[in-house]
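Notes to accompany the following structure.
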Amino acid sequence: MKIYVSHSSAFDYVNELYTPLEQSDLTNNHSFFLPHKKENLPMKPNSNISNYDLILAEVSYPSTGQGIEIGYANCLDKPIVCVYKQGYKISSALKVTTNYLIEYSNAADMINK
């Protein structure tokens, strides 16, 4: 499965999202597009999202750009899985775009879930 990873740039996505995903066994069965890796810049999310089977959105930090990505994916009827850190308040608008809201405590818990 090809998975587009969406996130805010307001947190340490390299250490808290990219590295855990890249070091997990999930990469044995899935291909992850990590938009802020140097080799993927510059990019146009609207053209990229249509090429993916699923959107994995880390939504602990509000982000206008990510909201646009999630909205675009929703319009394309792409499945969207939202993960967020325990104790963080997420946007109520996410409940309209997905039934998959997963709370996690740390990177290992996120990967496990």
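Laid out as a table, the results:
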read-out: Probe 1.4 Å, accessible area per residue of the chain, Å²; value: 57 Å²
read-out: Carbon and sulfur %, accessible surface of the chain computed with the full protein complex present, 1.4 Å; value: 49 percent
read-out: Length added when fully stretched, residue 64-residue 19, from 0.36 nm per residue minus Cα-Cα; value: 13.8 nm
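The values are calculated or read from the model by the stated rules, or taken from the named source; none is laboratory data. Here the structure is a predicted model, which is why all the values come from computation and not from measurement. Calculation scope for accessible area: heavy atoms of the full protein, side chains included, ligands and nucleic acids excluded. Shrake-Rupley method; radii C 1.70, N 1.55, O 1.52, S 1.80 Å.
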